[in-house]
Amino acid sequence: MSTRFFGAPVKRNEDRKLLTGQALFIDDVELPGMLHVAFLRSQVAHARLKHIDVSRARKRAGIVAVYVAEDYGDYWQPGPLLVQPPPIPGSTFNPRTQVPLARDKVRYVGEPLAVVVAESRYLAEDALDDIDVELEQLSAVVDIEQALTSSSAWVHDDLGSNVAAHVHQVKGDYRKAAANAHIILKRRFRYEHGISSPIETRGVVAQWNARGQQMTIWDTTQAPVFIRNGLAAMLGLGERQVRVIAPFVGGGFGPKIMMFYPEEVALPWISMRLNRPVKWIEDRLEHFVATTHERGQIHDAEIAVAADGRILGVKDVFLHDTGAYNPYGLTVPINSQCTLLGPYVIPAYDSTFTAVFTNLPIVTPYRGAGRQHGVFVIERLLDLAARELNIDRAEIRRRNLIPPDAFPYNNEIIFQDFAPLSYDSGNYEPVLAKALDAIGYQYFLKEEQPRLREEGRCVGIGIACYVEGTGIGPYEGAKVQVQTNGKVNVATGIGTQGQGHFTSFAQIVADQLGVDPADVDIVTGDTDQFYWGAGTFASRGAVVAGNAVSAASSVVRQKALKLAADAFECAEEDLVLADGKVSIAGIPGKFIRLGELAQRANPMRGAVKPGTEPGLESTQYFGPPSGATANGVHAAIVEIDPLTFELKVLKYVVVHDCGTVINPMILEGQIHGGVAQGIGNAFFEKLAFDDQGQLLNASLADYLLPTALDVPRMELDHTVTPSPLNPLGIKGAGEAGAIPVGAVFAQAIEDALQLTSRKLELLEIPLSPSRLFELTRQEAP
Amino acid sequence: MQPDQHEIEFTVNGTHYRRMVESRMLLSDFLRHELGLAGTHVGCEHGVCGACTILLDGHPVRSCLMLAVQANGRALATVEGLASASGELHPVQQAMHAHHGLQCGYCTPGILMTMTAYLAEHPSPSEDEVREALSGNLCRCTGYQNIVDAMMDAAARMREAAP
């Protein structure tokens, strides 16, 4: 088998459709007789719902139906717990999942109260104004520290507190480590992550076919198979009666995997009830409150270090804002807890977190999924230790890196995939060395920075290391099928939101079957095309589905060679599979095209040998034993205007290792995009809530996403340490770009403004210009 | 109640249309759902993201900030009209493909419309100028770097093709 395409920067198969406006996105689904849906959402964060009167709305012209929670009858059920908590001894977990329409109480601004179905979206929105809602307002739980005090209101009355979860994980003996430490440094860190804000918002279209007893649902989901299974059960249908299609999806980044959103529950039910197709497309204002967020944590963390800078132990106690409900279990705070350990040898770790219910939108993973928070804490602790011990910032990191002969490296605590946090493979020091070299670390510190400072310019450098647990199970599958026209069709159960699966999977197939990647059609996200799967999340698509595609292609290859060997009456070893045909080595004129073999694999007459499967196809599954751990280093040189705090990134370097690379072009694109989101997180993107739980900046004019002027040119490099956990040696890369950016910038800005000489420290993210202005005007403690 | 309807006439990508339209109908909705030109995407409906950018008499506008009635008598261009009738991609489309300037592709039509108009008027932009021209279009996937590279390349392709 040649590897002509695997590893090459093959241009994307999906581009043409997207570039010409022909790709089908959710709002492009148009069906005859389709109705349109709008949701009435709570304007207050916390209230008892006394009464809803929809009678006026029902009478308005063009309104077909209006529903409130009572109308759902038995269909009204809290959502399922999407992710069970990992089995960590002694942990508390209080699941409270979201409801399809608020019934007795509203728990966040944006929670749906009623559904209007109309002949057009315009009319549906008109009718929202006709609905009268009577509420008894309660005080809102917004601040996660106050939420745990006795004077706080309770988000869930039956719980008797706002504790969503409490988890304590330990590695080694921190007390002993602290007793032996040269110094112990303790700080409070606040890290806020924002919203994923894909340019396409969410949407659902549902079409019930009463004659065929079939439900078709188009959904901007990252996990179509689970949507099908869940909705079939809720609707009282068999899974075979429900088809879920995730069409082209305009960016996901995590929140599009949350389920079941109230809108996903409502639309199919309405379609069955009215026997009409129905559509709901989220508008941008809704997106700010109705799609899940990732938000803040407060860490009280300390590091115990030896005189030479070696980490002896870390202790961390943190609070995590989980929002009004916690259907996603512990994934985000567990990621924070685990990823804090980073690429470093940390012999003792004592970490406790409390997840807190608030009257704010639900928190679920958004690109990085809590990893940012942990990385920020450890990286800032190392900066503090370096300064205290007068060790160079890069050097203290180097001294603590896990050595290459220590893999697999067991960190003992339990990760989000329920397995002990074990790093499969890695070689960290070369990654750091490459990054230092690329950013010109020594030159900058010794020559450039002093020279520029002489000129009165505020320039600084930041460097941060991270690991990323990727490619977690349970499994994915793929069906690879050679069609009689010679083209290859591949179906998988994952969805796709721009990651280039139409190309990277095609590359895997192309090498195995000797075809051009352009002749491989990939179908993702259609449950009628592939029945099983989990979804696209946790940087796992290429790792898990990619290996399934490889396994299936390999079987198809064997089948093709066997069929051809039978036809030619020769040995399989004498055959060459290339250019879409099987030929006899040395006799290029003697060949059979793959399409013809596909025909022969489905004979119409005659007998087949026992055990023969028809079709030139195979379905294979792959499930890794545990996640593969990627790693990397980001470094940046920044300049900051000391008056306006406008920040300019003079240089940005990413060196990473995600194992074997399928398509370096796509990989670089993933990193670029991740860094851009990291920059948004580090500087601009703060969800500003008032003390009543109102989001004050719910528009793209107020919640600023980075533009082409804010994201610098990035220099990328990589090393390759294959994962031993899957045959292709791949590790995931989807989130790597976003994870350490906050840590890099806090360090670089601190350096640029020489804040440490004023005893000021930047221990929080985001650091907008106005926040920097506030912080640097504070008196040192 | 019959909402007020207006008859409007206009062209899109050279095709002439005459339609009755409700006065409050957004141009973006009209193009997408009445004319079936769904290549124009809607991202924010408040004029920030730029995904819905089309050309109005050759100039980029946000179709979500215009009413369909305002298109009366005007010539519109959308992403569907960029490639030639024979299917050959516009140099800006070609360059976006060559440089991996799109991932999910949702913001892409708006970027294509903004930048084809910009490059037609600015055949030799600097990278900073390209970034400035792009800054009204939000992309959440790419980090812009490959789009910038694509636009520099597209400018070169267009200069070469120009007489």
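The values are calculated or read from the model by the stated rules, or taken from the named source; none is laboratory data. These numbers were taken from a predicted model, which means no experiment stands behind them. Cβ coordinates were reconstructed from backbone atoms using ideal geometry, including for glycine residues, and neighbour counts include every protein chain displayed.
Residues B:R140, B:R74, B:R157: which one is at negative phi, of a type outside the set (F, W, Y) and in the same structural domain as B:G39 (by TED's automatic domain parsing)?
Criteria check complete, one pass: B:R74.
List the residue pairs whose Cβ atoms are under 9 Å apart, where the first residue sits in segment A:504-516 and is in the same structural domain as A:A548 (by TED's automatic domain parsing) and at positive phi, the second is outside any helix (DSSP H, G or I) and among the charged types (D, E, K, R), and the two are 6 or more positions apart or on different chains.
A:G514/A:D579; A:G514/A:K581
Which residue out of A:M259, A:M215 is within 24 Å of the chain's Cα centre (by Cα) and either within 24 Å of A:L101 (Cβ to Cβ) or touching a residue at least 24 places away in the same chain (Cβ under 8 Å) (or both)?
Of the residues listed, the single one that is within 24 Å of the chain's Cα centre (by Cα) and either within 24 Å of A:L101 (Cβ to Cβ) or touching a residue at least 24 places away in the same chain (Cβ under 8 Å) (or both) is A:M259.
I need a count of the residues in segment B:93-104 that are among the hydrophobic types (A, V, I, L, M, F, W, C), facing another protein chain (nearest Cβ under 9 Å) and touching a residue at least 40 places away in the same chain (Cβ under 8 Å).
The qualifying residues number 3.
Hey, any hits in segment B:129-140 for a residue that's within 12 Å of another protein chain (Cβ to nearest Cβ), of a type in the set (D, E, K, R), surrounded by fewer than 19 Cβ atoms within 10 Å (Cβ to Cβ) and more than 14 Å from B:P91 (Cβ to Cβ)?
Scanning segment B:129-140 turns up at least one residue that is within 12 Å of another protein chain (Cβ to nearest Cβ), of a type in the set (D, E, K, R), surrounded by fewer than 19 Cβ atoms within 10 Å (Cβ to Cβ) and more than 14 Å from B:P91 (Cβ to Cβ).
Among residues belonging to segment A:48-62 that are within 14 Å of another protein chain (Cβ to nearest Cβ) and not small (G, A, S), point out the one that is surrounded by the fewest Cβ atoms within 10 Å (Cβ to Cβ).
Looking at residues that are within 14 Å of another protein chain (Cβ to nearest Cβ) and not small (G, A, S), I get A:K59.
Would you check if there is a residue in segment B:89-112 being in contact with a strand residue (DSSP E or B) (Cβ under 9 Å, 6 or more places away or on another chain) and surrounded by fewer than 24 Cβ atoms within 10 Å (Cβ to Cβ)?
No; the residues of segment B:89-112 include none that is in contact with a strand residue (DSSP E or B) (Cβ under 9 Å, 6 or more places away or on another chain) and surrounded by fewer than 24 Cβ atoms within 10 Å (Cβ to Cβ).
Report, ordered by the first and then the second residue, all pairs with beta carbons closer than 8 Å, sequence separation of six or more or different chains, a first member in segment A:553-581 that is on the phi > 0 side of the Ramachandran plot, and a second member that is assigned to a helix (DSSP H, G or I).
From segment A:553-581, the pairs are A:G580/A:D519; A:G580/A:L594; A:G580/A:G595.
Return yes when A:I439 is buried (at least 19 other Cβ atoms within 10 Å of the Cβ), within 30 Å of A:F537 (Cα to Cα) and out of contact with any Ser or Thr (no Cβ under 6 Å at 6 or more places or on another chain) and no when it is not.
For A:I439, the condition - buried (at least 19 other Cβ atoms within 10 Å of the Cβ), within 30 Å of A:F537 (Cα to Cα) and out of contact with any Ser or Thr (no Cβ under 6 Å at 6 or more places or on another chain) - is not met.
Considering only segment A:265-272, I want to know if a residue exists there that is in a loop (DSSP other than H, G, I, E, B) and either closer than 29 Å to A:Q677 by Cβ or touching a residue at least 60 places away in the same chain (Cβ under 8 Å) (or both).
Looking through segment A:265-272, none of the residues is in a loop (DSSP other than H, G, I, E, B) and either closer than 29 Å to A:Q677 by Cβ or touching a residue at least 60 places away in the same chain (Cβ under 8 Å) (or both).
Residues in segment A:278-312 that are touching a helix residue (DSSP H, G or I) at 6+ places or on another chain (Cβ under 6 Å), surrounded by 22 or more Cβ atoms within 10 Å (Cβ to Cβ) and not hydrophobic (A, V, I, L, M, F, W, C): how many?
Final tally of qualifying residues: 4.
Is it the case that B:I8 is touching a residue at least 40 places away in the same chain (Cβ under 8 Å), in a strand (DSSP E or B), farther than 24 Å from A:R12 by Cα and within 12 Å of chain A (Cβ to nearest Cβ)?
For B:I8, the condition - touching a residue at least 40 places away in the same chain (Cβ under 8 Å), in a strand (DSSP E or B), farther than 24 Å from A:R12 by Cα and within 12 Å of chain A (Cβ to nearest Cβ) - is not met.
Among residues belonging to segment A:663-699 that are assigned to a loop (DSSP other than H, G, I, E, B) and among the small types (G, A, S), point out the one that is nearest to the other protein chains (Cβ to nearest Cβ).
For segment A:663-699, the residue satisfying everything is A:S699.
For segment A:700-756, how many residues meet the condition of being more than 14 Å from chain B (Cβ to nearest Cβ) and out of contact with any strand residue (DSSP E or B) (no Cβ under 9 Å at 6 or more places or on another chain)?
Matching residues across segment A:700-756 total 2.
Go through segment A:190-202 and report how many residues are surrounded by fewer than 23 Cβ atoms within 10 Å (Cβ to Cβ) and either of a type in the set (V, I, T) or in a strand (DSSP E or B) (or both).
Final tally of qualifying residues: 2.
For the subset of segment A:556-575 comprising residues that are assigned to a helix (DSSP H, G or I) and charged (D, E, K, R), which member is farthest from A:D511 (Cα to Cα)?
Looking at the filtered set, the residue picked out is A:D566.
When you look at A:V317, is it outside any helix (DSSP H, G or I), modelled with pLDDT of 95 or more and in contact with a helix residue (DSSP H, G or I) (Cβ under 8 Å, 6 or more places away or on another chain), yes or no?
no
Out of the residues in segment A:639-662 that are within 13 Å of chain B (Cβ to nearest Cβ) and touching a Pro at 6+ places or on another chain (Cβ under 6 Å), state the one that is surrounded by the most Cβ atoms within 10 Å (Cβ to Cβ).
It comes out as A:Y652.
Filter segment B:20-44 for residues that are in a loop (DSSP other than H, G, I, E, B) and among the small types (G, A, S) and give the result.
Scanning segment B:20-44 gives B:S23, B:G36, B:A38, B:G39, B:G43.
Do any residues in segment B:67-92 that are without any contact (Cβ under 8 Å) to a residue 40 or more places away in the chain and more than 14 Å from chain A (Cβ to nearest Cβ) have Cβ atoms under 8 Å from those of residues that are among the acidic types (D, E) and surrounded by fewer than 17 Cβ atoms within 10 Å (Cβ to Cβ), where the two are at least six apart or on different chains, and which pairs are they?
From residues that are without any contact (Cβ under 8 Å) to a residue 40 or more places away in the chain and more than 14 Å from chain A (Cβ to nearest Cβ), there are no pairs.
Just checking, how many residues over segment A:224-262 are within 14 Å of chain B (Cβ to nearest Cβ) and closer than 19 Å to A:S539 by Cα?
10
Can you pull out every residue in segment A:211-226 that is in contact with a helix residue (DSSP H, G or I) (Cβ under 8 Å, 6 or more places away or on another chain) and either modelled with pLDDT of 95 or more or surrounded by fewer than 17 Cβ atoms within 10 Å (Cβ to Cβ) (or both)?
A:Q213, A:Q214, A:M215, A:I217, A:W218, A:D219, A:T220
Tell me, yes or no, whether segment A:477-499 has at least one residue that is assigned to a loop (DSSP other than H, G, I, E, B), in contact (Cβ under 8 Å) with a residue 12 or more places away in the chain and assigned by TED's automatic domain parsing to the domain that holds A:A746.
There is no residue in segment A:477-499 that is assigned to a loop (DSSP other than H, G, I, E, B), in contact (Cβ under 8 Å) with a residue 12 or more places away in the chain and assigned by TED's automatic domain parsing to the domain that holds A:A746.
State yes or no: is A:E412 in the same structural domain as A:K731 (by TED's automatic domain parsing), surrounded by fewer than 18 Cβ atoms within 10 Å (Cβ to Cβ) and modelled with pLDDT of 95 or more?
In short, no.
Return yes when B:A155 is more than 26 Å from B:H46 (Cα to Cα), touching a His at 6+ places or on another chain (Cβ under 9 Å), assigned to a helix (DSSP H, G or I) and away from chain A (no Cβ under 12 Å) and no when it is not.
yes
Quick check: is even one residue across segment A:391-406 free of Cβ contacts under 8 Å to residues at least 12 places away in the same chain, outside any loop (DSSP other than H, G, I, E, B) and within 30 Å of A:S723 (Cβ to Cβ)?
yes
Under the condition of being more than 10 Å from every other protein chain (Cβ to nearest Cβ) and assigned to a loop (DSSP other than H, G, I, E, B), which residue from segment B:45-63 is nearest to the chain's Cα centre (by Cα)?
B:C52
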